[in-house]
């Protein structure tokens, strides 16, 4: 069974859980901003840093080349995008949903975790991360 990246909107998530993911994630905009800065410059930036749009990674690690990749030892790995109302891409997880459809062209070859009556399987977050209980989410070892 091929498992695709699952995508959902911010409004589907429990906001406290989303805040926890963001606060403990890697802010790629910040990482880019502080590249080649001195510790003093970074400290100065911390007081004024407020990006309009950013991307956070949660459940990722750096590979030998310094590139971020999903950490498969974590329960899940997500890419959190704040632009356009906010989306979360679940790129790896111990949980999946089945019977999904593809997303809009904005996220090619990825599943819409809010869809039904499809034939695809996508990575998902555990149900407690969502606003409402979802009985379609299954732990991979349970499927």
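Computed from the coordinates by the stated procedures, all read-outs in this text should not be read as laboratory data. None of the values given here were measured: they were computed from a predicted structure. All Cβ positions, glycine included, derive from the backbone under ideal geometry; neighbour counts span all protein chains shown.
Answer rounded, prolate or oblate for the range 63-143, using the Cα gyration tensor with square roots of eigenvalues a ≥ b ≥ c: rounded when a/c is under 1.5, else prolate when a/b is larger than b/c, else oblate.
Here the range 63-143 falls in the oblate category.
Tell me the label-point distance for the pair residue 31, residue 131, using the 7 Å Cα-to-Cβ offset, in nm and rounded to one decimal.
Spacing of the two 7 Å Cα→Cβ label points: 3.0 nm.
Please compute the Kirkwood hydrodynamic radius of the chain from all pairs of different C-alpha atoms, in Å with one decimal.
Computed over the chain, the radius equals 16.2 Å.
State the Cα centre-to-centre distance between the range 65-143 and the range 27-61 in whole Å.
Cα centroid to Cα centroid, the span is 26 Å.
Before rounding to the nearest 500, sum -39500 (n - 2.57) across all DSSP H runs of length at least 4 in the chain and divide by the residue total; then give [θ] at 222 nm in deg cm²/dmol.
-4500 deg cm²/dmol
Assuming R0 = 22 Å, what is the FRET efficiency of residue 20 and residue 99, from their Cβ-Cβ distance, to the nearest 0.05?
0.15
Let me make sure I get this right: for the range 1-81, a, b and c are the square roots of the gyration tensor eigenvalues over alpha carbons, sorted descending. Under 1.5 in a/c it's rounded, otherwise prolate if a/b > b/c, else oblate. Which is it?
Since a/c reaches 1.5 but b/c is at least a/b, the shape of the range 1-81 is classed as oblate.
Among rounded, prolate and oblate, which fits the range 35-106 when a ≥ b ≥ c are the square roots of the eigenvalues of its C-alpha gyration tensor, a/c under 1.5 means rounded, and a/b larger than b/c means prolate?
oblate
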